[in-house]
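Chemist: Before we start, here is the structure in question, set down as structure tokens.
Each value in this text was obtained by applying a stated rule to the coordinates, not by laboratory testing. Remember, predicted model here, so these are calculated numbers, not experimental data. Every residue, glycine as well, gets a Cβ built from its backbone with ideal geometry; the counts of neighbours run over all protein chains shown.
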Amino acid sequence: MDYAAHFSSYLSQLKTEGRYRYFVDLERAVGQFPKAFWRPTPDAAAREVTVWCSNDYLGLGQHPEVLAAMHQALDQYGAGAGGTRNISGNTHEHVLLEQDLAAFHKKPAALVFGSGYLANQTALASLGKLLPGCIFFSDADNHASIIEGLRHSGCEKRIFRHNDVQHLEELLQATPAGAPKVIVFESVYSMGGAVAPIREICTLAELYGALTYIDEVHAVGLYGPTGAGVAEREGLAHRITFINATMGKAFGLMGGYIAGPRDMVDAIRSAAPGFIFTTALPPVLCAGARVSMKLIQAGQALRETLYKHVALAKKSLTDAGFPVLEGDTHIVPLMVNEATRCRQISNWLLHNQNIYVQPINYPTVPRGTERLRLTPSPLHTPAHIANLVQALEAAWVCDDLSVAA
Ligand SMILES: Cc1ncc(COP(=O)(O)O)c(C=O)c1O
């Protein structure tokens, strides 16, 4: 085989389809969010841009109290954890963080992983292995980490149409009553901003004897009186078996976790390869995450500002005639529906308007539904929003979206 030609042709294909992944060389600067600095090439001078696609939803990744805790932890504990959780890497910061996370979600136990992706992938795979004959019921729009977890579980799975509880019930009905079942879904779907019918799903789970596993990765920090997610907001967290989330988005850091019943979490801790055979998160991250969580718990004012800015962004874009996907969350998908144009608009905005919003193309979203996924934050002011709308108006009517390479 001509390996070089094979890979080169794969990459050419991605470029032809407009879905080759170009990474933007950014430098974040403490105190300046949502501004950051962008270099068109590694040697070029940095240019100030406004970031419109960050998942540091509340700007906590630069919060002085988070940074102070991390500085202190770095000086106190050093750089890394020094091992896997099993072998020398289980530091006091991990123990405290898991206690705090369990209390945050009002669950008996929590377990921390290297990322939200890893938490889903390895917890779900292990859950399936721990429950012989288990059948997973998975929403059609679930994240890649969930899909990978179910695949690695080796279990049967039934995919229900996105947020369609009637379809879910049909699938549950057609399954042997005694089989172990787990319903896996997200509370806020990250690319379209749809919210799951959590109450109806819990009712079906109770009726058909299924466990529930909810991914609140895009909801924790942002919804609920203490920011514990949509399940908390709806008063349903106690009806959910496992809550999964990340410390990489609203927390502003990195790492993932599950919270749930003690023995089930303990069994996953004992069985999950993606937990056992990997170096523990650095204690400095755990220390930052604990402070972030406290700010989130007391962060209703921050959430109110976020909702206000999101509403203003949606209204300003809709009033200006932009095709914004309707929804009740902080995610603002601006539909372009064509891969090459989506990439070109994003590129043009970056080069000509100092606006950074990453194009979202296949396979993250289905072909023909390519979009710019805007994420206003409490730190995006009305002036930033007005500037975004103006920049988009200029892009939308521009005949030639090409930019210098
Ligand atoms: C729904 C969902 N679950 C899980 C993850 C993974 O989280 P993390 O970024 O912490 O790996 C993501 C990442 O974007 C996500 O969108």
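Chemist: Can you work out the FRET efficiency for the pair Ala103 and His238, with r the C-beta to C-beta distance and R0 = 22 Å, to the nearest 0.05? Mind showing how you got there, number by number?
Modeler: Values: r = 14 Å, r/R0 = 0.63.
Using R0 = 22 Å, I get an efficiency of 0.95.
Chemist: Also: Sticking with the crude label model, points 7 Å out along Cα→Cβ, report the distance from Ala140 to Lys15 in nm, one decimal please.
Modeler: Going by the 7 Å Cα→Cβ label model, 3.5 nm.
Chemist: So if I place +1 on the C-beta of Lys and Arg and -1 on the C-beta of Asp and Glu, and nothing else carries charge, what would the dipole magnitude of the chain be about its Cα centre? I want it in debye, nearest 20. Could the numbers behind the result be given before it?
Modeler: Numbers: 33 positive and 37 negative charges, 59 e Å.
Dipole size: approximately 280 debye.
Chemist: Can you tell me which of 120-127, 42-49 comes out highest on packing, and rank the rest after it, using the mean Cβ neighbours within 10 Å?
Modeler: Descending packing order for the listed peptides: 120-127, 42-49.
Chemist: Please count, across the chain, the pairs of lysine residues with Cα atoms under 28 Å apart that sit 8 or more places apart or on different chains.
Modeler: The number of close lysine pairs in the chain is 22.
Chemist: Top mean-square fluctuation among Ser12, Ser292, Ser145, Gaussian network model of the chain, C-alpha springs under 10 Å?
Modeler: Judging by the Gaussian network model, the answer is Ser12.
Chemist: Take the Cα pairs of region 162-296, get the Kirkwood Rh, then feed it into Stokes-Einstein at 10 °C and 1.306 mPa s and tell me D in µm²/s. The partial results should precede the final answer.
Modeler: On the way: Rh = 16.1 Å.
In µm²/s, the coefficient is 99.
Chemist: May I ask you to list the trypsin sites (Lys or Arg not before Pro) in region 318-405 that are in a DSSP loop and have at most 15 other Cβ atoms within 10 Å of their Cβ?
Modeler: Answer in residue order: Arg367.
Chemist: Using only alpha carbon positions, build the gyration tensor of region 250-405, then give the equivalent ellipsoid semi-axes as the square roots of 5 times its eigenvalues, largest first, whole angstrom. Each step should come with its number before you reach the end.
Modeler: Details: eigenvalues 266, 87, 46 Å².
Computed over region 250-405, the values are 36, 21, 15 Å.
Chemist: Of Thr226, Cys202, Met335, which is farthest on the positive side of the dipole of region 198-335, counting Cα position, with +1 on Lys and Arg Cβ, -1 on Asp and Glu Cβ, and the Cα centre as origin?
Modeler: So the residue furthest toward the plus end is Thr226.
Chemist: Right, another one. On a 0 to 90° scale, report how tilted helix 300-319 is relative to the longest principal axis of the chain, with both axes built from alpha carbons and the result rounded to the nearest 10.
Modeler: Its long axis makes an angle of about 50 degrees.
Chemist: Still on this structure, please answer the following. Put one equal scatterer on each alpha carbon of the chain, apply the Debye formula with no solvent term, and list log10 I(q)/I(0) at q = 0.06, 0.12 1/Å to two decimals.
Modeler: -0.25, -1.04
Chemist: Counting only other residues whose beta carbon sits under 14 Å from that of Ala73, what net charge do I get with K and R as +1, D and E as -1? It would help to have the intermediate numbers written out before the result.
Modeler: Details: positive: Arg290; negative: Glu65, Asp75, Glu93.
Charge balance in the 14 Å sphere: -2.
Chemist: Follow-up question, since we're still on this one. Show me the chymotrypsin sites (Phe, Trp or Tyr not before Pro) within region 154-240 that DSSP assigns to loop and that have at most 10 other Cβ atoms within 10 Å of their Cβ.
Modeler: Values: sites: Phe160, Phe185, Tyr189, Tyr208, Tyr213, Tyr223; in loops: Tyr189, Tyr223.
Here no chymotrypsin sites (Phe, Trp or Tyr not before Pro) fit, given the DSSP loop and packing criteria.
Chemist: Run the quick spin-label model on His92 and Ala311: label points 7 Å from Cα toward the beta carbon, then report their separation in nm to one decimal.
Modeler: The answer from the label model is 4.5 nm.
Chemist: Just the number, please: percent antiparallel of the DSSP beta bridges in the chain, rounded to the nearest 5. Write out the running numbers ahead of the final one.
Modeler: Values: 26 of 47 bridges.
Here the share of antiparallel DSSP bridges comes out near 55 percent.
Chemist: Okay, moving on. Which of the peptides 190-197, 28-35, 233-240 is most tightly packed, and how do the rest follow, going by the mean number of other Cβ atoms within 10 Å of each residue?
Modeler: 190-197, 233-240, 28-35
Chemist: If eta is 1.567 mPa s and T is 4 °C, what Stokes-Einstein diffusion coefficient results for region 90-149, Kirkwood Rh from Cα pairs, in µm²/s?
Modeler: For these conditions, the coefficient is 99 µm²/s.
Chemist: For region 46-93, would you read off the P(r) tail past 11 Å as a percentage of all alpha carbon pairs? Before the final figure, lay out each step's value.
Modeler: Numbers: 865 of 1128 pairs.
Considering region 46-93, 77 percent of its Cα-Cα pairs are separated by more than 11 Å.
Chemist: Just check region 16-157 against the gyration tensor rule for me: Cα atoms, a ≥ b ≥ c as the square roots of the eigenvalues, rounded for a/c under 1.5, and otherwise prolate or oblate depending on whether a/b exceeds b/c.
Modeler: oblate
Chemist: Can you compute the radius of gyration and Dmax for region 292-347, using only the Cα atoms, both in Å?
Modeler: Cα only, region 292-347: 14.9, 43 Å (Rg, Dmax).
Chemist: May I ask for the distance between the Cα centers of region 67-112 and region 353-386, given as a whole number of Å?
Modeler: 33 Å
Chemist: In square nanometres and to one decimal, what's the mean projected area of the convex hull around the Cα atoms of region 64-220?
Modeler: 11.0 nm²
Chemist: Sum -39500 (n - 2.57) across every DSSP H segment of at least 4 residues in the chain, then divide by the residue count to get the 222 nm mean residue ellipticity, nearest 500. Show your work: numbers first, answer last.
Modeler: Details: 14 runs with 170 residues, N = 405.
Helix-only estimate at 222 nm: -13000 deg cm²/dmol.
Chemist: Provide the per-residue ³J(HN,Hα) series for region 270-285, in order, calculated from phi with Karplus coefficients 6.51, -1.76, 1.60 and θ = phi - 60°, each as a whole number of Hz, with x at glycine and proline positions.
Modeler: 7, 10, 7, x, x, 9, 6, 9, 8, 4, 5, 4, x, x, 4, 5
Chemist: Nearest-5 percent of antiparallel DSSP beta bridges in region 135-286?
Modeler: Taking every DSSP beta bridge with both residues in region 135-286, the antiparallel ones total about 20 percent.
Chemist: Taking 7 Å along the Cα-to-C-beta vector as the label spot, tell me the Asn337-Glu27 distance in nanometres, rounded to one decimal.
Modeler: My value for the distance between the label points is 4.1 nm.
Chemist: Would you compute the Debye intensity of region 5-86 from its alpha-carbon atoms alone, equal scatterers and no solvent, and pass along log10 I(q)/I(0) at q = 0.11, 0.23 Å⁻¹ to two decimals?
Modeler: Scattering profile of region 5-86, log10 relative to I(0): -0.57, -1.06.
Chemist: Another question, if that's okay. Can you tell which of Val24, Leu60, Thr91 lies farthest toward the positive end of the dipole of region 19-155, using +1 and -1 charges on the Cβ of basic and acidic side chains (Lys, Arg; Asp, Glu)?
Modeler: Val24
Chemist: Which of rounded, prolate or oblate describes region 158-233 when judged by the alpha-carbon gyration tensor and an a/c cut-off of 1.5?
Modeler: The shape class here is prolate.
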